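> Once you've had a glance at the structure underneath, I'll fire off some questions.
The values are calculated or read from the model by the stated rules, or taken from the named source; none is laboratory data. It should be emphasised that the depicted structure is a prediction, and the values quoted were computed from it without experimental measurement. Here the Cβ positions follow ideal geometry from the backbone for every residue, glycine too, while neighbour counts run over all protein chains shown.
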Amino acid sequence: MPTKYASWVVEAEGYLFAVNQAFDMHGRATAELAAALGVEANADAIANFIRSAIQVKTTLECQPPSINAGLVGECSASANARAAGSAGNGGASGQASAGIQANCRAKATLSLNPGRCTMRTTVSQHPILSDANRWAKIEANMKIILQLNAANEHMNGRGADINVRGMKLYVESVTDLASEPTLILQINNIQAELQKGANACGQANDKQMAMNGDLNTMSGAIDAQFPDLRAAVYAR
């Protein structure tokens, strides 16, 4: 069989092999992780548990400012006395009196001692994380989920490209026959192998589509709660 056909079939079957391996690992890891967490064996249930396993609450606790309560009165009395002395008729009046009060309130505000605010952070975690044996199983399977998610970057979308090239080769097998009559002895085998490769791609695509959403859901939750785990499966 000409190399261009044989190599495409090898690529298509290799793609299916890789997806099958990932799909099997995905199924086992999902089941084992769900069992260790005590939830249903589906991506949403697992992700929801992981997101709530560690709760961080931050609050701002503030003490009120301190102010010289008598300052406004003292300031007003002093200002009114000055006004009275200048006017000679007993004190400030009308809008001036209100303005003096506003000036004194501003002065008092500027003299206050600001309060203190303290950031309080409380962290609570699910008791399951303190169980060494269960945590070991949880951690191991979360790493597998992250590993599969990383491997999926090398597989995602490849099936469509392989299929397109396979259909092109199928057409070429007919046109090549016109220019190379000796292929008549191999044409049936060539087209059968191309069909075999196309079937492999179809199976791989179906399985990968089933995995994609689950892996994204679970790995997103894992990354959010346990970001350091990603480093354990990241190949530099």
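> Given the conditions (1) in contact (Cβ under 8 Å) with a residue 12 or more places away in the chain; (2) surrounded by 14 or more Cβ atoms within 10 Å (Cβ to Cβ); (3) more than 30 Å from ALA35 (Cβ to Cβ), which single one is not true for LEU177?
The one condition LEU177 does not meet is (1).
> Of the residues that sit in the stretch 20-69 and are closer than 30 Å to ARG105 by Cβ and among the polar types (S, T, N, Q), which one is surrounded by the most Cβ atoms within 10 Å (Cβ to Cβ)? Explain how you work it out, then say what you get.
Of all residues in the stretch 20-69, those closer than 30 Å to ARG105 by Cβ come to 60-69.
The next check asks that each one be among the polar types (S, T, N, Q); those that pass are 63, 66, 68.
Working: GLN63: 10, SER66: 10, ASN68: 14.
If we take residues in the stretch 20-69 being closer than 30 Å to ARG105 by Cβ and among the polar types (S, T, N, Q), then ASN68 is surrounded by the most Cβ atoms within 10 Å (Cβ to Cβ).
> Hey, another quick one. Please verify whether the stretch 129-140 includes one or more residues that are crowded, with 18+ Cβ neighbours inside 10 Å and closer than 20 Å to GLY213 by Cβ.
So far as the stretch 129-140 goes, no, none of its residues is crowded, with 18+ Cβ neighbours inside 10 Å and closer than 20 Å to GLY213 by Cβ.
> Taking into account only those residues within the stretch 106-128 that are in contact with a helix residue (DSSP H, G or I) (Cβ under 6 Å, 6 or more places away or on another chain) and either at pLDDT below 80 or under 25 Å from GLY70 (Cα atoms) (or both), which is surrounded by the most Cβ atoms within 10 Å (Cβ to Cβ)?
Of the residues in the stretch 106-128, the ones in contact with a helix residue (DSSP H, G or I) (Cβ under 6 Å, 6 or more places away or on another chain) are 107-108, 126, 128.
If we keep only those that are either at pLDDT below 80 or under 25 Å from GLY70 (Cα atoms) (or both) too, we end up with 107-108.
Working: LYS107: 15, ALA108: 18.
Going through the qualifying residues, I end up with ALA108.
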